[in-house]
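**Student:** The structure is given below, and queries will be raised subsequently.
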Amino acid sequence: MKFSLFYVLESPDRDFRRAYDEMLSQVEIAERLGFDGVWLAEHHGSAYGSMPSPQVAAAAIAARTSRMRIGIAVSNLTLAWPVRIAEDFAMVDVISGGRLDFGVGRGYQPHEFRAMGVADKQDVSREVFDEAFQIVTGLWTKAVGEPYTFHGRHFHIDSVDCRPAPLQQPTPPIYVASISPETFDLVADHGHNMLVTPTLMTLPELNGFVVNAKRTLMHRGRDPLSLDFPMNWQIHLAEDDEQAVRRARPSLEWYFDNVMSAVPQGAATPAGYERYAALAEAAAEGAMSLTGLREGGICYVGDPDGLIREIEILREETGLDHLICWMRFGGMPHDDVVRSMELLAEHVIPRFADAPPLVPRALRHEEPTQTDKYFEIEFDDEGEVHELSRG
């Protein structure tokens, strides 16, 4: 099982230098502690996040680490010219020695669409995302020096080259962030991975989504153990539950106050973003207090033993094999973040270091439906693949 860190780099005090210094220091500590990777989020123009170009941060991290994977969670493909995205992240892959994991999404905060000059695109953001995604992957998979042309509804490019090409061929591992079935075709047909998080849903809802996604992919011909479904989870560990709650409460509640003010809501909610409006309504009714967040499994705040129990349940229920730990949420003080990282590295990572991948319990004895292509899969009692053949 893999453990990574996550940064959106909130800066409540607007001391951006401190935020960046802390992130880079924590990443260096994480590599020494045995974390497998770090994931970086793109956001624009608000207290919610101060990392508008995760590719810049990724290059800085590449220079300070030698082993950890460097993930993007995510690059918002609706907000920038896709040729530039392809070039920038190809550079990161080359500079890092082939350590890039490339996560993509379509964004959701209206003020970001306005700030980047694409407010008119939010209602059709799925179309824009699909075209931009085709361009980025098309530029990466063609031969260097071969011209690439694309004509769609939103983008038109003629005879473009991408230099450098990514070091990882045909592309770096690609992760798609979504909670909607529309991403299944991308994942099933192209072998992309899926990023999930309970930040904007309860943990039981997320568990059901992951199981259903894996079921659908299995029925479409994908081996359920061939894909990576990292779960990004806000986590704070302390020696005891009371201390963890005391430390985490101000930062977590600050974070959710800010994110709920940024999501689409009210009568102006763009098409396709209705779920965010419902979340904002729930937040107004008090669901985003620390007590509500813990009860919904939206975060984990407690001691290491409790986290171990939660991970064991998640592995059994969803096949969790990659946990992205969001530990510097809401500008939490550096020393508290580092102590939480140390506790996770000392008590939790060793417990799961050799844990094999699992198929969710609900899918272990489920037969795939008849399709043009399918896998016949047999699982042993522990959820590991016993036999796999393609029909």
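The values are calculated or read from the model by the stated rules, or taken from the named source; none is laboratory data. Everything numeric in this text was worked out from a predicted model, so none of it was measured. Quick reminder, even Gly has a Cβ in these numbers, built from the backbone with ideal geometry, and neighbours come from all protein chains shown. We work out accessible area using only protein heavy atoms, side chains counted, and drop any ligands, DNA or RNA first. Shrake-Rupley method; radii C 1.70, N 1.55, O 1.52, S 1.80 Å.
**Student:** How large is ³J(HN,Hα), in whole Hz, for each residue of segment 77-84 in order, when computed from phi with the Karplus curve 6.51 cos²θ - 1.76 cosθ + 1.60 and θ = phi - 60°, using x for Gly and Pro?
**Tutor:** Working through the residues one at a time gives 6, 7, 9, 9, 6, x, 5, 5 Hz.
**Student:** Quick one: among Trp81, Trp326, Trp233, which has the greatest mean-square fluctuation in a GNM of the chain with alpha-carbon springs under 10 angstrom?
**Tutor:** Of Trp81, Trp326, Trp233, the Gaussian network model singles out Trp81 as fluctuating most.
**Student:** How much of the DSSP beta bridge set in segment 2-351 is antiparallel, as a percent to the nearest 5?
**Tutor:** 10
**Student:** Of Pro54, Pro304, Pro270, which has the largest mean-square fluctuation in a 10 Å C-alpha GNM of the chain?
**Tutor:** Most flexible of the set in this elastic network: Pro270.
**Student:** Take peptides 162-169, 242-249 and line them up by average Cβ neighbours within 10 Å, highest first, as a rough protection proxy.
**Tutor:** Working: 162-169: 16.4, 242-249: 18.2.
In descending order of packing, they fall as 242-249, 162-169.
**Student:** Could you compute how much accessible surface Ile29 exposes when probed at 1.4 Å, giving the result in Å² to the nearest 10?
**Tutor:** 30
**Student:** In nm, what is the difference between 0.36 nm times the number of residues separating Thr141 and Ala63 and their Cα-Cα distance?
**Tutor:** On the way: separation 78, 0.36 × 78 = 28.08 nm, distance 2.59 nm.
Going from the current span to full extension adds 25.5 nm.
**Student:** For segment 1-89, what is the Kirkwood hydrodynamic radius in Å, using each pair of distinct C-alpha atoms?
**Tutor:** Computed over Cα pairs of segment 1-89, the Kirkwood hydrodynamic radius comes out at 13.5 Å.
**Student:** Continuing with this model, one more query. If you count only protein heavy atoms and use a 1.4 Å probe, how large is the accessible surface of Arg220, to the nearest 10 Å²?
**Tutor:** Number for this one is 90 Å².
**Student:** Sticking with this one: For segment 1-104, which whole percent of the accessible surface, found with a 1.4 angstrom probe, sits on carbon and sulfur atoms?
**Tutor:** Exposed carbon and sulfur together represent 53 percent of the surface.
**Student:** While we're here: Pick from Phe129, Phe256, Phe16: which is most flexible by mean-square fluctuation in a GNM of the chain where alpha carbon atoms under 10 Å apart are linked?
**Tutor:** In the Gaussian network model the winner is Phe16.
**Student:** How high is the relative contact order of the chain, in percent, counting Cα pairs under 8 Å that sit 6 or more residues apart?
**Tutor:** Computed value for the chain: 18 percent relative contact order.
**Student:** Taking H as built 1.01 Å from N, whose amide H comes closer than 5 Å to the amide H of Ile324, not counting residues under 5 places away?
**Tutor:** Correct list: Ser4, Met231, Asn232, Trp233.
**Student:** Let me ask something else. Using the Cα centre of segment 2-351 as the reference point, and only Cβ charges (+1 on K/R, -1 on D/E), how large is the resulting charge dipole? Debye, rounded to the nearest 20.
**Tutor:** Dipole size: approximately 620 debye.
**Student:** Given a 1.4 Å probe, how much area per residue of the chain is accessible, in Å²? Write out the running numbers ahead of the final one.
**Tutor:** On the way: 16250 Å² over 391 residues.
With all protein chains present, the chain gives 42 Å² per residue.
**Student:** Modelled label-to-label distance, Glu127 and Glu205, 7 Å Cα→beta-carbon offset: nm?
**Tutor:** Using points 7 Å along Cα→Cβ, the separation is 2.8 nm.
**Student:** May I ask you to derive the FRET efficiency for Glu366 and Arg309 from their Cβ-Cβ distance with R0 = 30 Å, giving the value to the nearest 0.05?
**Tutor:** Approximately 0.70, to the nearest 0.05.
**Student:** Please calculate the 1.4 Å probe accessible area of Val144, with all protein chains present, and give it to the nearest 10 Å².
**Tutor:** Solvent-accessible area, nearest 10 Å²: 90 Å².
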